[in-house]
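Enquirer: Have a look at this one.
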Amino acid sequence: MTIFEPWFAREEYLARVEKIRARLAEEKLDALLAFLPETVTWSTGFFTRGYSSFQFAIIPLAGDPVVICRDVEEYYLDATCVFPGRVLWTDSDDRDAVGAKAIRAALGPKARVGIELRAWPLSAGRFAALREALPETTFVDVSATTSRLRFVKSPAEIAWQRLAAKAAEAGMAAGIAAAIEGASERDMAADVCAAMIRAGSDLPGPGVLSSGERAYHLHGGYADRILERGDVVQLEVTPNVRHYHARFMRPMKVGVATDEDLKAVETLIAVQDRAIAAVGPGVAATVPDAIYRDGVLGAGLRETYTNKTFYSVGLLLQPNGGEPLEAEPTATWVFEPGMTFHTYVLARGFGMSETIAITETGIERLTNFPRRLFVT
């Protein structure tokens, strides 16, 4: 199977569309206008690397979905979409006008439609153009609703994440081997990316990769810096298979580690093990979240702990880096079977994380790699 054919059986897409329709019926809506690329791909199968151009899907309460996209994407539309309906625009067209005409043709002029107003491709100007062209159409924001439908993954979706996890493990092994005194971050990134691509990842990105001072600040990217003896190196590998993600972090020191370094990482591992052990179906997100915060703060490894501790991952298309389901002290949700999360703990430049899936009885670690401080 290649990335340019449907990633799941047609029956799975039909079931997803029925889930959308059930929500539309509950909210008395005639259709969904799906502008988030993940929603388009999840519901119709359509995937193209050109998803940043103007495209969306009309998913009506009855009848097949219709995809609106640029004409040069027709090959990928034919190859990946499981539904035949389409409207294509050319580069000389007024694409807003084409989109409005497609909506009117599919739903009539007075439809009540759900729309993903939080979708990054739907700019304020584009939405204003649609409202002006469709003055009798009622638009209702359903961004939260469509995101929630993707939180619980099917077994087939988690299978892609398991493969992504294997690519992550290959990338981490390559990164550790490359993190030696005198090497550059850029050399290290090249080895990580090559290993993940060869292991099946559809995108190369190593994610967080930084050393020295930047290792103490999250979201550093690789640069030309040369690794020095005693450096902390922070590495998060972020591969995906069919754009289903799995990722993890491991802490490193170049050449030498102090007893204090080793003790800090051992404490982080123990805290994380306790937090993950507390996760299971029906458990409130705040339970393991508190274990993280209390454990790290109680050990004196940080003065404050403001970041989230779990966030949902699955089908993610750049620039999205996670799904909008996060564990933090005010979270009100509970873990459910089929959810998948990246869960991480950070202190003193050391990062330890895993991707996990929630099962009927507890959790499955999708990422499986030695858990320790690596002295390279």
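Enquirer: With region 195-289 as the region, which strands (runs of 3 or more DSSP E) entirely inside it contain at least 2 residues that are more than 24 Å from the chain's Cα centre (by Cα) and assigned by TED's automatic domain parsing to the domain that holds Ile358? Give the steps one after another, and end with the answer.
Expert: On the way: elements: 209-211, 232-237, 248-253.
Answer list for region 195-289: 248-253.
Enquirer: Which residue is nearest to the chain's Cα centre (by Cα), if the candidates are limited to region 300-313 and must be over 18 Å from Tyr216 (Cα atoms) and of a type outside the set (Ser, Thr, Tyr)? Steps first, answer last, please.
Expert: Let us first name the residues in region 300-313 that are over 18 Å from Tyr216 (Cα atoms), namely 310-313.
From what is left, the residues that are of a type outside the set (Ser, Thr, Tyr) are 310, 313.
On the way: Phe310: 12, Val313: 4 Å.
This residue is Val313.
Enquirer: Next up: Would you confirm, using the coordinates I've provided, whether Val72 is at pLDDT 95 or above, crowded, with 21+ Cβ neighbours inside 10 Å and in a helix (DSSP H, G or I)?
Expert: Details: at pLDDT 95 or above: yes; crowded, with 21+ Cβ neighbours inside 10 Å: no; in a helix (DSSP H, G or I): yes.
Against the criterion (at pLDDT 95 or above, crowded, with 21+ Cβ neighbours inside 10 Å and in a helix (DSSP H, G or I)), Val72 does not qualify.
Enquirer: Give region 243-264 a look and list any residue that's at positive phi and touching a Leu at 6+ places or on another chain (Cβ under 8 Å), or say none.
Expert: Filtering region 243-264 down to residues at positive phi leaves 243, 255.
Passing the criteria: only His243.
Residue by residue, here is whether (1) touching a helix residue (DSSP H, G or I) at 6+ places or on another chain (Cβ under 7 Å); (2) β-branched (Val, Ile, Thr) holds:
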position	(1), (2)
Ala277	no, no
Gly282	no, no
Tyr292	yes, no
Leu315	yes, no
Glu326	no, no
Phe335	no, no
Thr340	yes, yes
Gly362	no, no
Thr367	yes, yes
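Enquirer: Still on this structure: What's the total number of residues in region 77-91 that are acidic (Asp, Glu) and either buried (at least 17 other Cβ atoms within 10 Å of the Cβ) or in contact (Cβ under 8 Å) with a residue 12 or more places away in the chain (or both)?
Expert: First, the residues of region 77-91 that are acidic (Asp, Glu): 78, 91.
Subsequent filtering for residues that are either buried (at least 17 other Cβ atoms within 10 Å of the Cβ) or in contact (Cβ under 8 Å) with a residue 12 or more places away in the chain (or both) retains 91.
Looking only at that region, the number is 1.
Enquirer: Next question. For region 1-45, what are the residues that are of a type in the set (D, E, K, R) and under 21 Å from Ala156 (Cβ atoms)? Walk me through how you get there before you give the answer.
Expert: First pass over region 1-45, keeping only residues of a type in the set (D, E, K, R): 5, 10-12, 16, 18-19, 21, 23, 26-28, 30, 38.
The answer is Glu5, Arg10, Glu11, Glu12, Arg16, Glu18, Lys19, Arg21, Glu38.
Enquirer: Only one of Ala57, Ala34, Ala9 is among the small types (Gly, Ala, Ser), touching a helix residue (DSSP H, G or I) at 6+ places or on another chain (Cβ under 7 Å), in contact (Cβ under 8 Å) with a residue 60 or more places away in the chain and within 21 Å of His243 (Cβ to Cβ); which?
Expert: Details: Ala57 fails: in contact (Cβ under 8 Å) with a residue 60 or more places away in the chain; Ala9 fails: touching a helix residue (DSSP H, G or I) at 6+ places or on another chain (Cβ under 7 Å).
Residue meeting the stated conditions: Ala34.
Enquirer: Condition first: assigned by TED's automatic domain parsing to the domain that holds Ala15, modelled with pLDDT under 95, within 25 Å of the chain's Cα centre (by Cα) and surrounded by fewer than 24 Cβ atoms within 10 Å (Cβ to Cβ). Can you find one or more residues in region 36-49 that meet it? Give the derivation first.
Expert: Taking region 36-49 and keeping what is assigned by TED's automatic domain parsing to the domain that holds Ala15, we get 36-49.
Then keep just the ones that are modelled with pLDDT under 95; that gives 49.
Those still in the list that are within 25 Å of the chain's Cα centre (by Cα) too: 49.
Narrowing the set further to residues that are surrounded by fewer than 24 Cβ atoms within 10 Å (Cβ to Cβ) leaves 49.
Taking every residue of region 36-49 in turn, at least one turns out to be assigned by TED's automatic domain parsing to the domain that holds Ala15, modelled with pLDDT under 95, within 25 Å of the chain's Cα centre (by Cα) and surrounded by fewer than 24 Cβ atoms within 10 Å (Cβ to Cβ).
Enquirer: Considering only helices (runs of 4 or more DSSP H) fully contained in region 108-188, which possess at least 3 residues that are surrounded by 16 or more Cβ atoms within 10 Å (Cβ to Cβ) and over 24 Å from the mean Cα position of the chain (by Cα)? Break it down stepwise before answering.
Expert: On the way: elements: 124-133, 143-149, 155-178.
Correct list: 124-133.
Enquirer: Yes or no: region 296-309 includes at least one residue that is assigned by TED's automatic domain parsing to the domain that holds Val241, under 22 Å from Arg118 (Cα atoms) and either touching a strand residue (DSSP E or B) at 6+ places or on another chain (Cβ under 6 Å) or touching a residue at least 40 places away in the same chain (Cβ under 8 Å) (or both).
Expert: Yes, region 296-309 contains at least one residue that is assigned by TED's automatic domain parsing to the domain that holds Val241, under 22 Å from Arg118 (Cα atoms) and either touching a strand residue (DSSP E or B) at 6+ places or on another chain (Cβ under 6 Å) or touching a residue at least 40 places away in the same chain (Cβ under 8 Å) (or both).
Enquirer: Condition (residue is under 23 Å from Lys101 (Cα atoms) and either at pLDDT 95 or above or touching a Ser or Thr at 6+ places or on another chain (Cβ under 7 Å) (or both)) applied to region 8-15: is it met by at least one residue?
Expert: Applying the first criterion (under 23 Å from Lys101 (Cα atoms)) to region 8-15 yields none.
There is no residue in region 8-15 that is under 23 Å from Lys101 (Cα atoms) and either at pLDDT 95 or above or touching a Ser or Thr at 6+ places or on another chain (Cβ under 7 Å) (or both).
Enquirer: Of all residues in region 75-107, which are charged (D, E, K, R) and not in a helix (DSSP H, G or I)?
Expert: Filtering region 75-107 down to residues charged (D, E, K, R) leaves 78, 86, 91, 93-96, 101, 104.
Across region 75-107, the qualifying residues are Arg86, Asp91, Asp93, Asp94.
Enquirer: Output the number of residues of region 318-350 satisfying the condition of being surrounded by fewer than 21 Cβ atoms within 10 Å (Cβ to Cβ), touching a Leu at 6+ places or on another chain (Cβ under 9 Å) and not small (Gly, Ala, Ser).
Expert: 4
Enquirer: May I ask you to list the residues in region 94-107 that are surrounded by 18 or more Cβ atoms within 10 Å (Cβ to Cβ) and of a type in the set (D, E, K, R)?
Expert: Arg95, Asp96
Enquirer: Can you find a residue in region 353-363 that is β-branched (Val, Ile, Thr), in a loop (DSSP other than H, G, I, E, B) and at negative phi?
Expert: Here is the first cut: in region 353-363, the residues β-branched (Val, Ile, Thr) are 355-356, 358-359, 361, 363.
In the following step, the residues that additionally are in a loop (DSSP other than H, G, I, E, B) were identified as 359, 361.
Cutting the leftovers down to at negative phi gives us 359, 361.
Looking through region 353-363, at least one residue is β-branched (Val, Ile, Thr), in a loop (DSSP other than H, G, I, E, B) and at negative phi.
Enquirer: Looking only at residues that are of a type in the set (Gly, Ala, Ser) and in contact with a strand residue (DSSP E or B) (Cβ under 7 Å, 6 or more places away or on another chain) in region 149-182, which one is farthest from Thr2 (Cα to Cα)? Step through it out loud before you land on a result.
Expert: Our first condition is that a residue be of a type in the set (Gly, Ala, Ser); within region 149-182, this holds for 154, 156, 159, 164-165, 167-168, 170-171, 173-175, 177-179, 182.
Checking the rest, the ones that are also in contact with a strand residue (DSSP E or B) (Cβ under 7 Å, 6 or more places away or on another chain) come to 164-165, 167-168, 171, 175, 179, 182.
Values: Ala164: 15, Ala165: 18, Ala167: 16, Ala168: 19, Gly171: 21, Gly175: 27, Ala179: 33, Gly182: 39 Å.
If we take residues in region 149-182 being of a type in the set (Gly, Ala, Ser) and in contact with a strand residue (DSSP E or B) (Cβ under 7 Å, 6 or more places away or on another chain), then Gly182 is farthest from Thr2 (Cα to Cα).
Enquirer: Same structure, new question: Please determine whether any residue of region 152-169 is aromatic (Phe, Trp, Tyr) and under 30 Å from Gly108 (Cβ atoms). Break it down stepwise before answering.
Expert: Keep residues of region 152-169 that are aromatic (Phe, Trp, Tyr), which gives 160.
Next, from what is left, pick out any that are under 30 Å from Gly108 (Cβ atoms): none.
Checked against the condition, which is being aromatic (Phe, Trp, Tyr) and under 30 Å from Gly108 (Cβ atoms), region 152-169 yields no hits at all.
The values are calculated or read from the model by the stated rules, or taken from the named source; none is laboratory data. Remember, it's a predicted structure, so these values are computed and weren't measured experimentally. Here the Cβ is made from the backbone with ideal geometry for all residues, glycine too, and neighbour counts use every protein chain on show.
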